[in-house]
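Q: This is the structure I want to talk about, given as structure tokens.
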Amino acid sequence: MNTRNTVVRSMHDIGLAVWSGGSLMGAVGLNGAANDVTDVTERAKAASAGWARWAPANAAAIGAHLIGGVGLILANRKRLAHQGGGRTNTIVKSTLTGIALASTVFSGVKGAQVAAAGKVPRRTGNRSDLGHPTRCRIGAAAIAVAQWATPAVTAVLIVLGAQQGEQQRPGSLLRDLGD
């Protein structure tokens with residue numbers, strides 16, 4: 001019986017690493033670099049263009065992570081049925097993955113709305129000046145929060161993945177089976 005799950009584990013881990021790293025780079029680097037655009041009316045456009053270029057790679061990374069995650073759950077379903085800690089970790093990870101997906105989609109939708117408003121002057125790549133239309137200010141404020149939610153939640157997912165690896169050690173498995 002083959003007990004290796006190298007392909008799905010790699011999809012899960014690499015997909016999550018790219019998703020997490022890309023979201024952090026975008027929040028720090030891309031949105032930060034938009035501040036350097038001299039014409040303040042072009043800052044939102046510059047940030048939006050960068051995020052649009054990143055979107056296909058991000059979607060592929062998220063897809064790989066989700067496929068890998070489902071594959072790992074299926075491959076480990078017997079262990080998860082008997083190992084309470086592993087089962088709880090999987091439930092928490094699934095919930096947090098949903099939150100990270102929601103914050104990613106929310107950021108993309110709000111970013112598209114702000115970009116569609118045209119050349120809206122922006123103080124930064126993700127915060128609208130107070131003198132601009134309410135819809136743009138609300139969208140920019142929402143992006144300012146959501147842009148940090150995704151890297152924070154995906155970082156927690158990485159830690160929980162490491163915890164699951166520890167739960168597969170023989171001593172941990174034996175303790176859980178004894179309960």
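The values are calculated or read from the model by the stated rules, or taken from the named source; none is laboratory data. No experiment lies behind these values; they were computed from the predicted model shown. Reconstructed Cβ throughout: ideal geometry from the backbone, glycine too, with neighbour counts over all protein chains shown.
Q: For the subset of the stretch 79-118 comprising residues that are at pLDDT 90 or above and among the basic types (K, R), which member is farthest from E42 (Cα to Cα)?
A: R87
Q: Next question. Out of all the residues in the stretch 12-37, which are under 24 Å from A162 (Cα atoms) and either modelled with pLDDT under 90 or of a type in the set (D, E, K, R) (or both)?
A: Hit for the stretch 12-37 is D13, nothing else.
Q: Also, I was wondering about something else. Does A33 fit the bill of being within 19 Å of G108 (Cα to Cα), small (G, A, S) and in contact with a Lys or Arg (Cβ under 9 Å, 6 or more places away or on another chain)? Can you show your working first?
A: Numbers: within 19 Å of G108 (Cα to Cα): yes; small (G, A, S): yes; in contact with a Lys or Arg (Cβ under 9 Å, 6 or more places away or on another chain): no.
Taking the combined requirement at face value, the residue does not satisfy it.
Q: Counting only residues that are loosely packed, with under 15 Cβ neighbours inside 10 Å, touching a residue at least 24 places away in the same chain (Cβ under 8 Å) and among the polar types (S, T, N, Q), give me the helices (runs of 4 or more DSSP H) lying completely in the stretch 1-100 with at least 1 of them. Can you show your working first?
A: Numbers: elements: 6-25, 31-34, 43-75, 77-82.
Per the criteria, 6-25.
Q: Checking the condition farther than 14 Å from T41 by Cα, modelled with pLDDT of 80 or more and buried (at least 17 other Cβ atoms within 10 Å of the Cβ), which residue from V153, V145, V159 passes?
A: V153
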